[in-house]
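Structure, as structure tokens:
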Amino acid sequence: MSTAERGPAGLTALDERFSVRLMCRHCRDPVPNIVEDFASGDYVCGSCGLVLGDRIIDTRSEWRTFANDEGDDPSRVGNAANPFLDGDQLDTIIARGGDGGSGMARDLNRTQGRTTAQRHERNLVQAYKEISALCDAFDIPKTIVDIAKQLYKKVDDANLQRGKNNDAIIAACIFLACRQDNAPRTFKEICALTKVDRKDIARAFKFLKSKLGTNTGTTSSNDLIARFCSNLNLDQTTWRIARLLTEKAKDMEHISGKSPLSIASACIYMASHLVGDGRDARSISDIAGVGEATIKTTYKILYANRRELLTAEVMERDAKMSEANLIIP
């Protein structure tokens, strides 16, 4: 292909056809001197002064700074609105700095906070901070944190927390949020997290469930196995085998009446020994929050019915698996 001829501005003929250039119709200069006058909103030719367009859009930064020798302040319109708080949230807040170190701005900010903030809003903010701090301590995802805050907001709007233990209400909101996000925690885990008595959490949970009408479902053993196996440093193969054992065990009539937590712990105990990477009952008890005796009792039932559990589907998962690796209870 032959090289296309280039015009005076270094553009090819095709570029000339598709390029849009603003040119002064009076000067006809191929390199026009166009000035954007944002104050009046006009395009003006810098050579002859002819107005070429009006009502232009100012694309520059829209903020202004009033800081005193403290650098630029890129704030535009303040903080984003918090969906968990009431009102328009358009209040003006006195900054804590910028007073030359005299401390006056800090005192004014504190005084303004006492006089303008409403009491129930302060209580909400404090509850949200507590929920965030508790969830961060256990690495609970932000989606669950937001759900817990929404639940507490519903409680506050309906004034359901009056006469109740607020710590138990917060713990119940976190417990409900974990279930709604399909990442359930046990009551013992929530007790360890919030330092609230289990009976108080259970009582608050039943109260909120009935008043809010939330559909939380029930916690199954499979919901717990993935997290327990991860905390025990077990591989994916062991996790899959434990899940298969759980699915088969829940249909056994011999194990009816056992809690999902006990079944999950006993299946992890059996699966880890099947693949030759056994975990003792104490380590599983520390992770799952189930007593060692409970794990061993449930495992004894599983071992007695191992013919129903250790089918070809389970044994084909890993070549290292052997029934001989199981501990005789």
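The values are calculated or read from the model by the stated rules, or taken from the named source; none is laboratory data. Keep in mind that what you see is a predicted model, and the values were worked out from it rather than measured. Positions of Cβ are generated from backbone atoms using ideal geometry, with glycine treated the same way; all protein chains shown enter the neighbour counts. Protein only, heavy atoms only, side chains kept; ligands, DNA and RNA dropped before computing areas. Shrake-Rupley method; radii C 1.70, N 1.55, O 1.52, S 1.80 Å.
Quick look at the numbers
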| item | result |
| --- | --- |
| Residue list for region 230-256, restricted to those being in a loop (DSSP other than H, G, I, E, B) and hydrophobic (A, V, I, L, M, F, W, C) | L232, L234, M252 |
| Cβ-Cβ under 7 Å pairs, at least 6 apart or on other chains, region 151-162 side among the aliphatic types (A, V, I, L, M), far side in a loop (DSSP other than H, G, I, E, B) and surrounded by 18 or more Cβ atoms within 10 Å (Cβ to Cβ) | V155/Q161 |
| Restricting region 180-207 to residues that are in a helix (DSSP H, G or I) and of a type in the set (S, T, N, Q), the residue that is farthest from P260 (Cα to Cα) | T194 |
| Scope region 291-327; condition modelled with pLDDT under 85, among the β-branched types (V, I, T) and part of a loop (DSSP other than H, G, I, E, B); matching residues | T311 |
| Flag for L176 being touching a Ser or Thr at 6+ places or on another chain (Cβ under 7 Å), of a type outside the set (S, T, N, Q), within 23 Å of G289 (Cα to Cα) and modelled with pLDDT of 85 or more | yes |
| Residue that is most open to solvent (accessible area, probe 1.4 Å) [pool: residues in region 180-207 that are over 25 Å from G163 (Cβ atoms) and among the aliphatic types (A, V, I, L, M)] | A192 |
| Criterion violated by I287 - all others in (1) in a helix (DSSP H, G or I); (2) more than 13 Å from L232 (Cβ to Cβ) satisfied | (2) |
| Test: I268 is within 16 Å of P329 (Cα to Cα), out of contact with any Asp or Glu (no Cβ under 6 Å at 6 or more places or on another chain) and modelled with pLDDT of 90 or more | yes |
| Filtered residues of region 264-277 (kept if outside any helix (DSSP H, G or I) and more than 16 Å from L310 (Cβ to Cβ)) | D277 |
| Residue within region 235-250 that is closer than 25 Å to A168 by Cβ and either open to solvent by 20 Å² or more (accessible area, probe 1.4 Å) or out of contact with any Leu (no Cβ under 7 Å at 6 or more places or on another chain) (or both) present | no |
| Total residues in region 124-144, condition over 14 Å from L193 (Cα atoms) and part of a helix (DSSP H, G or I) | 9 |
| Region 278-322 - residue that is acidic (D, E) and either touching a Leu at 6+ places or on another chain (Cβ under 6 Å) or in contact (Cβ under 8 Å) with a residue 60 or more places away in the chain (or both) and, of those, surrounded by the most Cβ atoms within 10 Å (Cβ to Cβ) | D318 |
| Positions within region 251-274 being surrounded by fewer than 16 Cβ atoms within 10 Å (Cβ to Cβ) and of a type in the set (A, V, I, L, M, F, W, C), in sequence order | M252 |
| Tally, over region 211-226, of residues that are open to solvent by less than 20 Å² (accessible area, probe 1.4 Å) and assigned to a helix (DSSP H, G or I) | 2 |
| Test set (1) closer than 30 Å to R122 by Cβ; (2) modelled with pLDDT under 70 - N82 fails condition number | (2) |
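Residue-by-condition table, conditions (1) closer than 18 Å to A133 by Cα; (2) of a type outside the set (D, E, K, R); (3) open to solvent by 70 Å² or more (accessible area, probe 1.4 Å); (4) in a loop (DSSP other than H, G, I, E, B):
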{"position": "K154", "(1), (2), (3), (4)": "no, no, yes, no"}
{"position": "G163", "(1), (2), (3), (4)": "no, yes, yes, yes"}
{"position": "D167", "(1), (2), (3), (4)": "yes, no, yes, no"}
{"position": "C178", "(1), (2), (3), (4)": "yes, yes, no, no"}
{"position": "K209", "(1), (2), (3), (4)": "no, no, yes, no"}
{"position": "F228", "(1), (2), (3), (4)": "no, yes, no, no"}
